[in-house]
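Here's the structure, in structure tokens; my notes come after.
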Amino acid sequence: MMGKKAYKGKWIFTGNKEMPIIENFVMMTEKGHILWVKPENEAEKDKDAVYVELGDVYVVPGFIDAHMHLFCEEMEDAFCPGRSTAYHVCNGVRNAVDLLRAGIVACRDLGAFRGYTLGIRDSIDKGEIPGPKIIACGHAICATGGHGYNLSYECDGADEVRKNVRRVIKEGADIVKLMVSGGVNSPGPEPGPCELTKEEIRVGVETAHAWGRKVAVHTHGNTAIRNCVEAGVDSIEHGVYMTEDIMDMMIEKGTYLVPTLCAPYYAVNEGLKQDPDNPDHAKSKEVLQMHRDMLKKCADKGVKIAFGTDAGCPYDPYDKAPYEMVLMTKAGLTPQQALKAATEGSADLLGIADEYGSLETGKRADFLCLRENPLENIESVAQKKDVYINGEKFVG
Ligand SMILES: [Zn+2]
């Protein structure tokens, strides 16, 4: 049913090393995968293919959000848990569609209330509901009473960490998430205090890696980040109080940074508007610039950067997820660096680069048609666009 389809347009950012941008291109696809992308004057006409004119648009690979939560603030109804469960799951399905509509074709869920995302992931994988490709951790792992305990299994001691890492993998986790530090204003000896011990982190990483799963860690404070990078985690999430010596260690070890600038941005802009007396929002405002400076330094030094939004956190919307790229440029990155993080960077971190992250031979034909050139106006990534999944225009 899905034969060859050739898309013609005036501009494409392929992400391919040799020819990252092609003006007047043809992208030949078959069964939703790309056969080749070429300049129009080098493309041979294929009489078996259906030709589609994309028109006056700028084509980019679908975006990949390496840090979001389909379920974050849920509470169970004490009188009728079944009722609240059904309600939450319906919201989760809608959140997934909102991400897809915004141009997020794949994403990584780093902690879900009751692990619900695992089921949404399965349903999307089977083609039963529309949504982005999901890599999920199910429950996260945290210290008793630690950051994000409503989304996590609480552990104390290396044995409990080992047990619960194995447990989330048994339950279907693609990735393991450790909540290592508190938030920026949790009480403790430093901002973002380290809540798991070095030993707990080490055993968590060792166990996950032994079972073939990568490890993502929520970390704000300097000690927490340092302990995690030393233990060999795969990505530092947030990383506000990271210092240059740690950046050097990350370069050496190939550790990714997923900054999630959206989280404090929306907390400050929306949170302060709606809840002006909440000290958490005032604190977020304080760290906003520090966070951006840290990202810029990482980019200048050459730390690997992936794109993540923390969508689903308070005030952090799914439908504006690509705005993270705009914030990355406000931190001093070029539009090309932001676009690279949201495509190639996240695809590599999520382990899905065989199919996602660029538009070249063998990859999925998951692409976006933007109204303006994102390298000239990065805001266009967050504006109205058409989304193509497996070569088909997504309408939903
Ligand atoms: Zn998060």
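On the basis of being aliphatic (A, V, I, L, M), more than 16 Å from the ligand (Cβ to nearest atom) and either assigned by TED's automatic domain parsing to the domain that holds Lys320 or open to solvent by 60 Å² or more (accessible area, probe 1.4 Å) (or both), does Ala140 make the cut? Against the criterion (aliphatic (A, V, I, L, M), more than 16 Å from the ligand (Cβ to nearest atom) and either assigned by TED's automatic domain parsing to the domain that holds Lys320 or open to solvent by 60 Å² or more (accessible area, probe 1.4 Å) (or both)), Ala140 does not qualify. If the condition is being within 15 Å of the ligand (Cβ to nearest atom) and more than 17 Å from Leu350 (Cβ to Cβ), then region 229-265 contributes His238, Gly239, Val240, Leu261, Cys262, Ala263, Pro264, Tyr265.
Of the set (1) farther than 13 Å from Ala66 by Cα; (2) in contact with a strand residue (DSSP E or B) (Cβ under 6 Å, 6 or more places away or on another chain), all apply to Ser346 but (1). Comparison of Val326, Val287 shows that the only residue that is modelled with pLDDT under 95 and either closer than 17 Å to Pro61 by Cβ or open to solvent by less than 30 Å² (accessible area, probe 1.4 Å) (or both) is Val287.
Rundown of residues vs (1) touching a residue at least 60 places away in the same chain (Cβ under 8 Å); (2) under 24 Å from Glu244 (Cβ atoms); (3) of a type in the set (S, T, N, Q); (4) open to solvent by less than 10 Å² (accessible area, probe 1.4 Å), yes/no style:
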position	(1), (2), (3), (4)
Ala158	no, no, no, no
Lys170	no, no, no, no
Met179	yes, no, no, yes
Gly192	no, yes, no, yes
Glu200	no, no, no, no
Gly221	no, yes, no, yes
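So, in region 202-219, how many residues would count as being in a loop (DSSP other than H, G, I, E, B) and either open to solvent by less than 10 Å² (accessible area, probe 1.4 Å) or touching a residue at least 24 places away in the same chain (Cβ under 8 Å) (or both)? Write out each step before concluding.
The first filter runs over region 202-219 and keeps only residues in a loop (DSSP other than H, G, I, E, B), leaving 211-213.
Now narrow it down to the ones that are either open to solvent by less than 10 Å² (accessible area, probe 1.4 Å) or touching a residue at least 24 places away in the same chain (Cβ under 8 Å) (or both): 211, 213.
So the count comes out to 2.
Tell me, which residue of region 299-310 that is over 15 Å from Asn269 (Cβ atoms) and within 16 Å of the ligand (Cβ to nearest atom) is surrounded by the fewest Cβ atoms within 10 Å (Cβ to Cβ)? Reasoning before the result, please.
First, pick out the residues of region 299-310 that are over 15 Å from Asn269 (Cβ atoms): 299-308.
The next check asks that each one be within 16 Å of the ligand (Cβ to nearest atom); those that pass are 306-308.
Values: Ala306: 27, Phe307: 29, Gly308: 33.
Filtering region 299-310 for residues that are over 15 Å from Asn269 (Cβ atoms) and within 16 Å of the ligand (Cβ to nearest atom), the one surrounded by the fewest Cβ atoms within 10 Å (Cβ to Cβ) comes out as Ala306.
The values are calculated or read from the model by the stated rules, or taken from the named source; none is laboratory data. What you see is a predicted model, and the numbers here were worked out from it, not measured in a lab. Cβ sites come from the backbone with ideal geometry, for glycine too, and all protein chains shown count toward neighbours. In case anyone asks, the SASA skips ligands and DNA or RNA and just uses the protein heavy atoms, side chains included. Shrake-Rupley method; radii C 1.70, N 1.55, O 1.52, S 1.80 Å.
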